[in-house]
Structure formats: structure tokens, C-alpha cells
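What follows is a set of notes on a single structure, which appears directly below.
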Ligand SMILES: [Zn+2]
């Protein structure tokens, strides 16, 4: 069964319209827990796209940033205009271990195509626990306070495009978007390569063992 209903803000799919209010917004967006004002994605986190994202992140195939930049540009509506692109920050230790921040490479490609600057306006204060297996509320608590805006409100009045590779529940992106707003942004849209909830709406599969094929929260965790 495929989802027929989507929140107008975060594009989260639902099987029926009951979670959506009269404006078509889900409870998280209604209560300001999303942080971002819109969410766009290229595809589902499955199949070839998932394998390519793994090659990019864990296999160190950085040259994939270029075609991925094209995918991201396709996913962005033509009428959306931005003043700056912000990559989802990695905690410094994870960045050091991986050697690069995959969202940074993607952000550079998108910024080049849009003709706007990349601004590293937020930092990751601490490394968060793996989000896999946590409930949505626990995911939000896990990442709350994980991001801090840098000094000087570098995004004052700006429309910002936040780039990440994968969106799962959106809890990480929501926390980061809130920090971007504290840095002065007036609008934040999230753009990702893939979402885990784009697949058919089968009952939620709980992993029997950690890492048993269950998608991780955002690649940038
Ligand atoms: Zn929503």
C-alpha cells in the first residue's frame, strides 16, 4: 500500500488524512517541532540510491558529490529562492574519522548551481547516540541541544537551504533548523537525497539486532 496523504510542510506520508489539520500540516509541523518550513527530497532510501549513498559516505567515493548535486537540484522546486546553503554539520570527531563531511560536499554542489554561498552557520556541540531503534520522541530528545548557532547571527533575515544526505524522522534536521533560525534565518527548507519514509507504507519494521539493515538516522549523525 502506498501513502496517499502528505503533510504540506515536511512531506511526511500518511495512510489517511486524519493526522493532518485543515491546512494539511502534521502535528509536528503544527507544533513547531519540525524547525524547517519545507522539506524536499530526491528519492527513497533504498535500492541503487541507497547503495550509492553508502559508497559516497562510507566508501569515500567523493566524486559522487557531483551527480548527487544534480539530483538535489532536480528535487528543488523552481520557485524556491535561497540566500545561502548550510550543510548539516558533523561532530568534529566523526568528520575527522571519515575525513570529510558528506553534506558539506553536497552543499557545495548545490550552492554552485544556485549561485549562493555556503555558510557554516551552525556547529555540532556533541556527538549524538545512534538514532536507530529510538522512538520519534526519543530521537528528538537525543538531538535536542546538539546544534548551536555560531556567533554574530550570520544568517540574519536569510532564506536558507539546509542540506543533508538522508532524512529518517527529521528529528536531527529539525534540531539543526532551529539552530539555523537562532542564527537569524527567517526561512529554512530541508533538501535531502533520500528519505526512509518514501518507501511503501508497510508496518514499521523493528530491527532484531542493531544495524540489521534498518536505516540509520541522518547520515550526518
Ligand atoms: Zn509535517
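Descriptive notes on the structure:
- Residue within segment 112-127 that is more than 22 Å from residue 155 (Cα to Cα) and in contact with a helix residue (DSSP H, G or I) (Cβ under 8 Å, 6 or more places away or on another chain) present: yes
- Residues of segment 74-106 that turn out to be in contact with a helix residue (DSSP H, G or I) (Cβ under 9 Å, 6 or more places away or on another chain), modelled with pLDDT of 95 or more and in a helix (DSSP H, G or I), as a count: 4
- In segment 157-179, the residue that is farthest from residue 32 (Cα to Cα) out of those that are part of a loop (DSSP other than H, G, I, E, B) and modelled with pLDDT under 95 is 168.
- Looking at 51, 109, just one residue is without any contact (Cβ under 8 Å) to a residue 60 or more places away in the chain, assigned to a helix (DSSP H, G or I), away from the ligand (no atom under 16 Å from the Cβ) and touching a helix residue (DSSP H, G or I) at 6+ places or on another chain (Cβ under 8 Å), and that residue is 109.
- In segment 112-128, the residues that are closer than 10 Å to residue 87 by Cα and without any contact (Cβ under 8 Å) to a residue 24 or more places away in the chain: none
- In segment 1-45, residue nearest to residue 73 (Cα to Cα) [restricted to those that are more than 14 Å from the ligand (Cβ to nearest atom) and touching a helix residue (DSSP H, G or I) at 6+ places or on another chain (Cβ under 8 Å)]: 42
- Here segment 151-164 is the region considered, the condition is being touching a strand residue (DSSP E or B) at 6+ places or on another chain (Cβ under 6 Å) and surrounded by fewer than 24 Cβ atoms within 10 Å (Cβ to Cβ), and the residue that is nearest to residue 109 (Cα to Cα) is 159.
- Tally, over segment 9-45, of residues that are surrounded by 15 or more Cβ atoms within 10 Å (Cβ to Cβ) and either part of a loop (DSSP other than H, G, I, E, B) or more than 16 Å from the chain's Cα centre (by Cα) (or both): 16
- One residue from 82, 68 being away from the ligand (no atom under 16 Å from the Cβ) and over 18 Å from residue 102 (Cα atoms): 82
- Test: residue in segment 208-218 that is crowded, with 17+ Cβ neighbours inside 10 Å and either at pLDDT 50 or above or touching a strand residue (DSSP E or B) at 6+ places or on another chain (Cβ under 6 Å) (or both): yes
The values are calculated or read from the model by the stated rules, or taken from the named source; none is laboratory data. Being a predicted model, the structure only gives us computed values, none of them experimental. Quick reminder, even Gly has a Cβ in these numbers, built from the backbone with ideal geometry, and neighbours come from all protein chains shown.
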